[in-house]
Amino acid sequence: MFDIFKDSLYSAFIMIFSGDPELWGIVLLSLRCTFQACLLAALIGIPFALFMINRDFPGKRLLLTVFNSLMALPTVVVGLFLYVFISRRGIFGPLDLLYSPAAISIGQFILILPLVVMFAYSALHRLDRRYREAALTLGASAGQAALAVMREARFAMVATLCAAYGRGIAEVGVSMMLGGNIKGFTRTMTTAMALEYDKGEFTLALGLGVVLLLLSFLLNAGIGFFQGRAEA
């Protein structure tokens, strides 16, 4: 068994460094889908976190509790609910989203949005409120004061997005249920690894596993670096 693993791992490295089109096509699709999900989550989640920091309103504590709970939302639950909405008989069925890269990005967006909101809220909450008050005192508008706060929290925000990207690219449930694992179209790294393992074909699965581990290492290194800069 060890010899099989060793031979498969050796072949996997050959696939990686030779630029195997199937392997790198899967990797690029995974990177693109998760990037789109992270971008949308950042555009919605970070301003929303900033709004909650600067405003007190009834139900704020309950809303934070809900977002905190959604951080542990199982991927298969997200996949199931989205499937109901975007299937042919669903509300968004006419958009023909099911079994497409767009469906994967939407599912990942829903998964990582609570993480972006809560991590950004936590980072902004640690900032001294005097940053915003000083900007307002100097004649800045509310928008300019918000930008000043965001500049101070920029490293923490990047660390937040690194964590969100890691959460999105490593999930398998949403990608399998909404993407359908279609070869050359919706096959991501995690779904391809699951399929190749079931087939007993370890070379491609190990190759994708090595790339995924490398990405995980780089993302965690990025989180550590930007957290360190934020605390400096």
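No lab work stands behind these numbers, since they all come straight from the coordinates. Predicted model, so just to flag it, every value in this text is computed and none were measured. Note that we place each Cβ from the backbone using ideal geometry, even for glycine, and neighbour counts take in every protein chain shown.
Points to keep in mind about this one:
- Förster-model FRET efficiency, 35 Å R0, ILE91 and LEU64, C-beta, rounded to 0.05: 0.75
- Averaging 1/r over every pair of different alpha carbons in the chain and inverting the result gives a Kirkwood radius of 19.5 Å.
- Ranking of THR190, THR203, THR160 by count of other Cβ atoms within 10 Å, fewest first: THR203, THR190, THR160
- With Cα atoms, 0 to 90° folded angle of helix 21-54 axis to the chain main axis: 20
- Ordering ASP7, ASP198, ASP20 by the number of other Cβ atoms within 10 Å of each residue's own Cβ, fewest first, gives ASP198, ASP7, ASP20.
- For region 7-135, with +1 on Lys and Arg beta carbons and -1 on Asp and Glu, the positive-most of MET118, GLY19, LEU39 along the dipole: MET118
- Projecting the Cα atoms of PRO101, TYR10, VAL66 onto the charge dipole of the chain, computed from C-beta unit charges around the Cα centre, puts VAL66 farthest toward the positive end.
- The GluC sites (Glu not before Pro) of region 191-232 that DSSP puts in a loop, and whose beta carbon has at most 14 other beta carbons within 10 Å, are GLU201.
- The chain, dipole about Cα centre (Lys/Arg Cβ +1, Asp/Glu Cβ -1), debye to the nearest 20: 880
- Modelled this way, with points 7 Å down the Cα-to-C-beta line, the labels at LYS183 and ARG32 are 1.9 nm from one another.
- The length gained on full extension between ASP7 and VAL210, counted as 0.36 nm times the residue separation minus their Cα-Cα distance, comes to 71.6 nm.
- Over the chain, DSSP H runs of length four or greater, each weighted -39,500 (n - 2.57), average out per residue to a 222 nm ellipticity of -26000 deg cm²/dmol.
- Using a cutoff of 8 angstrom between alpha carbon atoms and counting only pairs six or more residues apart, the relative contact order for region 2-231 works out to 31 percent.
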